[in-house]
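Every number in this text was worked out from the coordinates using simple rules, so none of it is lab data. Model, not experiment: these values are computed from the prediction. All Cβ positions, even for glycine, are placed from backbone atoms using ideal geometry, and neighbour counts span all protein chains on display.
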Amino acid sequence: MARNKTFNRRNVFIIVSVILITAVGLTVRLGYLMIAKSAEYAQRAEDLHERERSIKAERGIIYDKNGIAIATNKPVSTISVIHSQITDPERVIQVLSDMLGLSEDKVRKRVEKNSSIERIKSNVDKEIADAIRNYDLNGVMVDEDYKRYYPYGSLASKVIGFTGSDNQGIIGLEVEYEKYLKGTDGTILTLTTAYGAEIENAAEDRIEPRAGNDLYISLDVNIQKYAQQAALKVMEAKNANNVKLILMNPQNGEIYAMVNVPEFDLNDPYTLTENMRKDIEPSSLTSEQTNDLLNNMWRNACISDTYEPGSAFKIVTATAALEEKVVKLTDNFYCPGYKIVEDRRIRCHKIGGHGSETFVEGIKNSCNPVFMEIGARVGITNMYKYFSKLGLFNKTGVDLPGEAKSIMHKPENVGAVELATISFGQSFQITPLQLLVAASAVVNGGNIVIPHFGLQVKNPEGNIVKTFQYDGAKGVVTKETSDTMKELLEAVVSEGTGRRAYLPGFRIGGKTATSEKLPRSSNKYISSFVGFAPADNPQVIAVLLIDEPVGIYYGGTIAAPVVAEVFDNVMPYLGIEPHYNEAEIKKYNVGTIKMPDLVGLKKEELKAALKDMDYGDIYYLGEGDTVMEQFPLPGEMINLNSDLILYLE
């Protein structure tokens, strides 16, 4: 009996001890959680009871030189679902799949996923989003968003660039100026129960989004249109691979237009253009092949592709020779149609040769033997010195991603043959923009400009946030050499290989080029022309490249007239008016007259009325003998030699 009492007391003691130890342990653990871990668990509790949804910020607008919006925003919506709030999942799946054009399986996976919030689709047009909102489906969220919109479609597509589904820049100016254009997203914080259901009538915390800054650039929509239309026309006429054309102010580096035709639709950038597809069936392409084609379609070849500039590079060779004073304008040369350099017979483009000619005539004729001779006089050390001065060893610094560097021989690897070919633009490669910058320095008085688009950044209230400055090297060429080169290059257009770039009333300078692509046996060419105007005080400079034209491929024949066509539109637009000299008035019958009133005259009376008038072609419409309408209109000031259209009844 005594033993049983002792045994029971021992058991009670053990049980009490266990309880006390457990209680102390729990107390210590509870104290640790309440004191040491209180902040962490408070945050966990807050996170559990708050749901965050973003409010997308509006991206900054891109404006052209005239304040025309070329990249704007279109209001769209993002459709999401909250699993815990859905009361009729089958109805939600049906409506969202029908309205958003998605498969039921895809929507079902999102709807049935037990997560705090699941995005179904972004960039949904406002009309569709409003229709979904009107269904009033529990658990379906329709949040405001913005989608980038480009009002001019394919205009300057490879310059402007586009954004991805997250509204972040991908190529072009959109990515280059991302830090200015992107805004700051806002948020909506909604209180929920522990099970994720939103608490009715609970106050929301809302942080408003901040729109991005606006970018103002030098590109001019109207000049870009002129240039793009002209480039597209010659590409189609010559069945060329592509055409590149840049127009820039040679005094300050502002780029007015940069064309890479064929361009692509900025509002549909992931659809391959017809020329990219050619005979390819898109559905047969792997994702890697598709990405390669898209990257090629988006590529800005004006800055990313290098080429042998050919005879246009004679601008640089002539400049170096004049600067080093190894040639005078009156120096005489002889061209038999080729020049022997070491063991090579390097020919001129004129098979029979130009015969005896001065340095001035050599430039006008674009004579290779003349330039091989003056290249040898300059020497590789001095040639490379001016290449460096004119920025040909460096990137131009243009404010676009993806700029390539030139490909040059090391000086120690340049022998007599390499020097000879370098002197007329072969055996090395540069970008079109590099050539344009070098030519600008030659004709603007000797200053390197930094080619650019960005001018200013303004905040949404219109206040200036940033004004960009571009400072290039000064005095890389003397004013004397610059003035001489302007006269020589004007003579190329008025009397030489660039005659088809001539425009009566305008002083235009330039240089033609026809570059044979590698391998030389391919018989494929790049036809090009560099032109500037007015020749005495250049305000616009252009470079045009036609890649693999079919048929006639000489730069002076097919490239020069394209630049002339663009200049004919652009110069009056820039306020550069024609001024005709006496020779032009006589030769081209230019000038202006007041259009007489011919309405009411009989056909037999017209001959006497028009006898002393200078017209081009006269077109008679209708079958009558009395003038009822005329174009140009009576009293209108017209150029001499203008066409006249008369409607007779």
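Against the empirical 2.2 N^0.38 Å scaling, what ratio does the C-alpha Rg of region 591-648 come to?
With N residues counted in region 591-648, Rg over 2.2 N^0.38 Å equals 1.03.
Regarding the chain, what is the average projected area of its C-alpha convex hull, in nm²?
Reported value for the Cα convex hull: 51.9 nm².
List the aspartates and glutamates whose Cα lies under 17 Å from the Cα of residue 466, skipping any in the same chain that are fewer than 8 positions away.
Result set, ordered by chain and number: 64, 174, 176, 178, 214, 254, 399.
What pairs in 314/486; 56/113; 56/158; 325/389; 328/479; 238/405 have C-alpha atoms more than 19 Å from each other?
In this structure, 56/113; 56/158; 238/405 lie more than 19 Å apart at Cα.
Dipole of the chain, Cα-centred, from +1 at each Lys and Arg C-beta and -1 at each Asp and Glu C-beta, to the nearest 20 debye?
3000 debye
Taking H placed 1.01 Å from N in the peptide plane, check which residues at least 5 places from residue 242 or on another chain put their amide H under 5 Å from its amide H.
547
Quick one: check the C-alpha center-to-center distance for region 478-510 versus region 620-643, whole angstrom.
37 Å
Would you compute, from DSSP H runs of 4+ residues alone, the mean residue ellipticity of the chain at 222 nm, taking -39500 (n - 2.57) per run and dividing by the full residue count, rounded to the nearest 500?
Computed ellipticity for the chain at 222 nm equals -10500 deg cm²/dmol.
Over the residues of region 476-520, compute the C-alpha Rg and express it relative to 2.2 N^0.38 Å.
1.45
Is any helix in the chain, taking whole DSSP H runs, at least 15 angstrom long along its axis by alpha carbon and on average at least 1.6 on the Kyte-Doolittle scale, and which ones?
In the chain, the long hydrophobic H runs are 432-443.
Once every Cα of region 225-299 carries one equal point scatterer and solvent is ignored, give the base-10 log of I(q)/I(0) from the Debye formula at q = 0.11 Å⁻¹, two decimals.
Debye curve over Cα of region 225-299, log10 I(q)/I(0) at q = 0.11 Å⁻¹: -0.36.
Can you list which of the trypsin sites (Lys or Arg not before Pro) found in region 396-486 are DSSP loop residues with at most 16 other C-beta atoms within 10 Å?
405, 474
Just to confirm the filter: which GluC sites (Glu not before Pro) across region 443-499 are DSSP coil and have at most 14 other Cβ within 10 angstrom of their Cβ?
Working: sites: 461, 480, 487, 490, 495; in loops: 461.
Passing sites in region 443-499 are 461.
Can you give me the three principal axis dimensions of region 52-215 from its C-alpha atoms, in Å, biggest first?
Over region 52-215, Cα extents along the principal axes are 54, 35, 23 Å.
For a bin width of 5 Å, list the pair-distance distribution of region 393-541 built from all Cα-Cα distances, rounded to whole %.
With a bin width of 5 Å, the distribution comes to 2, 8, 13, 16, 18, 17, 12, 7, 4, 2, 1, 0, 0.
Among 476, 424, 366, whose Cα lies farthest out toward the positive end of the dipole of region 304-582, if unit charges sit on the beta carbon of Lys, Arg (+1) and Asp, Glu (-1)?
Of the listed residues, the answer is 424.
Report the GluC sites (Glu not before Pro) located in region 330-366 that are in a DSSP loop and have at most 12 other Cβ atoms inside 10 Å of their Cβ, or state none.
Working: sites: 342, 357, 361; in loops: 342.
Passing sites in region 330-366 are 342.
Beyond 25 Å, what percent of the Cα pairs of region 304-582 remain?
Result: 45 percent of Cα pairs exceed 25 Å.
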